[in-house]
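Report on the following structure.
Derivation of every value follows stated rules applied to the coordinates shown; laboratory data play no part. Every value quoted in this text rests on a predicted model; they were computed, and no experiment measured them. Virtual Cβ from ideal backbone geometry, glycine too; neighbours counted across all protein chains shown.
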Amino acid sequence: MRLTLIALATLPILLSACATPAQRITSNLTQLGVPPGQAQCMGQRLGQRLSFGQLRRLQELTSIRAERLQRMSIREIANKLSDERDPGLVAEFLRAGVGCLI
């Protein structure tokens, strides 16, 4: 019985570890307030284009949103991603955002 409870408790963690970068990006963008359809489109595009470091940076924003308790616009997210050491991240993010609106 106890082993079953432990297995059930760890299942969501194991499943989230199997998520593709696109799925994680989609989930993070949705949590930040991007509409689900646009988040999915952007997740697919960004999942193919971002480096591991860039993906991690985008995931860090999810905790910022939790503190604010309100939606963030694409522009606000891009501003938070802005970093002079990696201007490519914002460029890819905005390119995906605009591409998914068309």
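Data overview
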| item | result |
| --- | --- |
| From phi via Karplus (6.51, -1.76, 1.60), per-residue ³J(HN,Hα) for segment 38-53 in Hz, x at Gly/Pro | 5, 4, 5, 4, 5, x, 5, 5, 6, x, 8, 10, 8, 7, 4, x |
| Shape call, segment 21-101: gyration tensor on alpha carbons, a/c limit 1.5 | rounded |
| Distant-in-sequence amide H partners of Asp86 (H built 1.01 Å from N, under 5 Å) | none |
| Positive-end residue of Ala22, Gly37, Val98, charge dipole of segment 21-101 with Cβ unit charges | Gly37 |
| Net charge of Cβ neighbours under 12 Å - reference Arg56; Lys, Arg +1; Asp, Glu -1 | 0 |
| ³J(HN,Hα) computed for each position of segment 23-35 - Karplus, 6.51 cos²θ - 1.76 cosθ + 1.60, integer Hz, glycine/proline x | 5, 5, 4, 4, 4, 5, 5, 4, 5, 7, x, 6, x |
| Phi-based couplings in Hz for segment 92-99 (Karplus 6.51, -1.76, 1.60; Gly and Pro marked x) | 5, 4, 5, 4, 5, x, 5, x |
